[in-house]
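One structure is given here, and the rest of the page talks about it.
Quick note: the coordinates plus some simple rules give every number you see, no bench work behind them. Computed from a predicted structure; not experimentally measured. Cβ: placed from backbone, ideal geometry, glycine included. Neighbour counts: every protein chain shown.
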Amino acid sequence: YDKVVDSAVLDGYFSDIADAIRDKGGSGTYTPAEMPQAIEDLPSGGNEALMSLISGTATGTVTVKDVSSLNGAKIRICGFGSYSANESLEVLNMPDLIHARKNTSANSMDNSGGIFVEFSSSVSLREIHMPKCLTLSIFGNNALKQLETIDAPLLEAASINVQYSKITELDFPELIYANGSNFMSCTLLERVNLPKVTAGFNNGFRGCTALT
């Protein structure tokens with residue numbers, strides 16, 4: 001028998017699917033034939049993604065939207081010896097995280113309502129996206145060489161040590177406390193926007209030859 005298909009209704013279904021893909025991290029427009037692959041390519045998310053970070057098994061792009069149920073959890077992102085964890089992680093998206101810091105003793109940093117995210121010696125990490133984050137600690141020395149982006153425009157207090165990275169721009173308009181931050185020998189760094197920083201850098205931009 002012949003099925004009667006209402007094309008308007010069908011178009012509405014496809015539009016809803018495309019909207020759902022974009023809501024989960026996709027972008028652009030999709031034909032029906034492109035949708036299965038677009039769904040497969042979506043970054044992981046939710047509690048499963050956070051658990052993979054905590055267990056040290058996260059790879060590729062990971063998006064964690066809800067950390068409220070795991071307050072106080074510790075995430076290590078590193079890639080050396082017996083301390084390896086999440087060493088194949090390339091992009092970390094934590095859109096609702098407010099506090100991401102390594103320990104409770106960092107100067108002028110509040111840890112209320114946060115989890116600990118410890119970055120060090122990551123061999124793969126390229127991008128960090130924490131658009132709501134207020135406190136952040138990254139201790140990478142010269143081992144975060146693939147890092148290109150730290151997207152955290154609301155940062156107020158941070159300790160960021162990422163020498164020899166591929167970062168081209170630092171835009172932290174709200175940052176006040178830099179707490180020993182160091183970007184030495186980031187030779188691709190061309191632009192820095194730190195209008196409110198009062199203290200914390202110590203030879204922080206030495207060897208940044210593209211910075212004028």
Worksheet entry | Placed amide H near GLU118: partners under 5 Å, 5+ positions off or other chain | ILE75, ARG76, ILE77
Discussion item. Between LYS74 and THR29, what's the calculated FRET efficiency when r is the beta-carbon distance and R0 is 35 Å? Round to 0.05.
Written reply: 0.30
Worksheet item: For ASP171, which sequence-distant residues (separation of 5 or more, or a different chain) have an amide H within less than 5 Å of its own amide H, given hydrogens modelled in the peptide plane?
Response: ASN193
Worksheet item: How would you rank 85-91, 205-211, 33-39, highest first, on the average number of other Cβ atoms within 10 Å across their residues?
Response: 85-91, 205-211, 33-39
Worksheet entry | Amide hydrogen neighbours beyond the local backbone of CYS133, cut-off 5 Å, H modeled | LEU154
Worksheet, complete the sentence: Taking 150-163, 184-197 and ranking on average Cβ neighbours within 10 Å, highest first, one gets 150-163, 184-197
Worksheet entry | Radius 14 Å from Cβ of LEU188, net charge of other residues (Lys, Arg +1; Asp, Glu -1) | +1
Worksheet, complete the sentence: Phi-derived 3J(HN,Hα) across the range 123-129 with the Karplus relation (6.51, -1.76, 1.60, θ = phi - 60°), rounded Hz, x for Gly and Pro, is 7, 10, 4, 10, 9, 10, 10
Discussion item. Between ASN142 and TYR13, how high is the FRET efficiency from 1/(1 + (r/R0)^6) when r is the Cβ-Cβ distance and R₀ = 35 Å? Nearest 0.05.
Written reply: 0.10
Worksheet item: What translational D, rounded to a whole number of µm²/s, comes out for the range 160-212 from Stokes-Einstein when the hydrodynamic radius is the Kirkwood one over Cα pairs, at 25 °C and 0.890 mPa s?
Response: 225
